[in-house]
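Report on one structure; see the data block that follows.
The values are calculated or read from the model by the stated rules, or taken from the named source; none is laboratory data. As the structure is a prediction and not an experimental result, all values here were calculated from the model. Note: ideal-geometry Cβ built from the backbone for every residue, glycine included; neighbour counts use all protein chains shown.
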Amino acid sequence: MVRELLEKARELSIYTAYNTNVDAIVYLNDEIIQKLIAEFGAEAVRRRMDEYPREINEPLDFVARLVHALKTGKPMAVPLVNEELQPWFDSHFNYDVERMGGQAGIIANLLANLDFREVLVYTPHLAKRQAEMFVKKPNLFYPVVEDGKLLLKHPWEAYRENDPVKVNRIFEFRAGTTFRLGSETITVPFSGRFIVSARFESIRIYTEPALKPFLPEIGQRIDGAILSGYQGIKLRYSDGKDANYYLREAKKDILLLKREKDVKVHLEFASIQNRELRKKVIYNLFPLVDSVGMDEAEIAYVLSALGYDKLADRIFTYNRIEDTVLGGKILIDEMNLELLQIHTIYYIMYIAHADNPLSEAELRNSLELATTLAASRASLGDVTSPDQISVGMSVPYNERGEYVKLRFEEAKRKQRSREYKLVIIPTRLVPKPVSTVGLGDTISTGAFTSYLAMLKEKGAL
């Protein structure tokens, strides 16, 4: 079933924007962690952990948040706002891998490697170093405007010499890694990654003025759009522009893509530490898109921004399925979403209204493709051809699968759910993943594109 559904999805044309970057990856071990703690002292690290800095302004902020992530085993992303710290990182770490990063870039390469009919990727910054991280496939295009006309070129042929490059530093950690923080011995409970995401003035999220008038033309030739990167917007810039300006432009982009036909738009949400900015993104963009994807921490952040602080705290603290279901129902009602997809380590969930054109069984098939694709990526480090879906098919569901199903059925019985279609599946969990980078993006891409493929088959697209 999964293979057949992927075949249908590969007939689609997809547009993805805005964020790409270079991912500089470090595979952490106990020696590297111990050296960092020794540099600042266990007490100083512990004190800064208690302060829980929301952004990285100095090296101690980084070490404190990294140790917190290792202790909880939860993937985290914290913005680096001080550009002057870049040499400190480069002097302290040897990068094991440099590769494509950023949701739009990862998704574009994945879709191109899966041989989708046409993949259009747009990022406002395309330096040569960045362009060369796109796979060289004939179905992958970057839109450019020449002589007043829209042309589609491969990213390798569309780069601009003086564009800035964004470097995100990713620290991969493995379950079982053990280190000491003073008298405390810490063992990492789950594999994951800690992302130091560059948030500098030079990198912005927007569509160039010359390309903007051609967005309706792009909308006509695609079946769906996957938009991401809004977490990179800053509240204020030194040139007088602010988040409101860039969000107004982002709204125009979505409306222009939808102007000639009602193209489905998926927004891939990522953690936004600043509550004010989070609210702006949610209230401005969620009502304009059809589908949103996020993890369980991100739904808690969103609910908190909408004023549901107690429910958000319960999700953060207990991570119970019934709370996530309730939060998801609130979200699709308040934002009038067609589809909400929530992915966690142990399960993936869809929440839709009862009038959704797809049945619960079809929605479940969509999630099956998503987790199988992610299992292939985790096993191999990357998915480079459609045939590699078979690797994920041989990965078993995680050991909490039956428990997940029981808790989900219990949540449905307790809560009023007749007005909704609620679907959950356990994830296929790779015990020793080659990499965890891009797994959430892979899940969302597999889910959204298979959802579109089934809508198209029913004549509902």
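Remarks
- Scanning the stretch 239-279 for residues that are in a loop (DSSP other than H, G, I, E, B) and farther than 29 Å from residue 446 by Cβ gives 239, 240, 241, 274.
- Residues of the stretch 403-458 that are within 24 Å of residue 97 (Cα to Cα), outside any helix (DSSP H, G or I), of a type outside the set (A, V, I, L, M, F, W, C) and out of contact with any strand residue (DSSP E or B) (no Cβ under 6 Å at 6 or more places or on another chain): 431, 432, 433, 435, 438.
- Restricting 407, 400, 413 to those that are touching a Pro at 6+ places or on another chain (Cβ under 9 Å) and either among the charged types (D, E, K, R) or over 24 Å from residue 26 (Cβ atoms) (or both) reduces the list to 400.
- Residues (crowded, with 21+ Cβ neighbours inside 10 Å and on the phi > 0 side of the Ramachandran plot) located in the stretch 50-95: none
- Flag for residue 382 being of a type in the set (D, E, K, R), crowded, with 17+ Cβ neighbours inside 10 Å and not in a loop (DSSP other than H, G, I, E, B): no
- Residue in the stretch 360-374 that is surrounded by fewer than 21 Cβ atoms within 10 Å (Cβ to Cβ), among the acidic types (Asp, Glu) and assigned to a loop (DSSP other than H, G, I, E, B) present: no
- Here residue 47 clears all of (1) in contact (Cβ under 8 Å) with a residue 60 or more places away in the chain; (2) surrounded by fewer than 17 Cβ atoms within 10 Å (Cβ to Cβ) except the condition numbered (1).
- Scanning the stretch 309-341 for residues that are under 24 Å from residue 78 (Cβ atoms) and outside any helix (DSSP H, G or I) gives a single hit, 319.
- Some residue of the stretch 374-394 being β-branched (Val, Ile, Thr), in the same structural domain as residue 119 (by TED's automatic domain parsing) and closer than 24 Å to residue 327 by Cβ: no
- Among strands (runs of 3 or more DSSP E) entirely within the stretch 142-194, having at least 3 residues that are touching a residue at least 40 places away in the same chain (Cβ under 8 Å) and within 26 Å of the chain's Cα centre (by Cα) singles out 167-173.
- Residue selected from the stretch 390-399 under the condition in contact with a Ser or Thr (Cβ under 6 Å, 6 or more places away or on another chain) and part of a helix (DSSP H, G or I), by the criterion surrounded by the fewest Cβ atoms within 10 Å (Cβ to Cβ): 393
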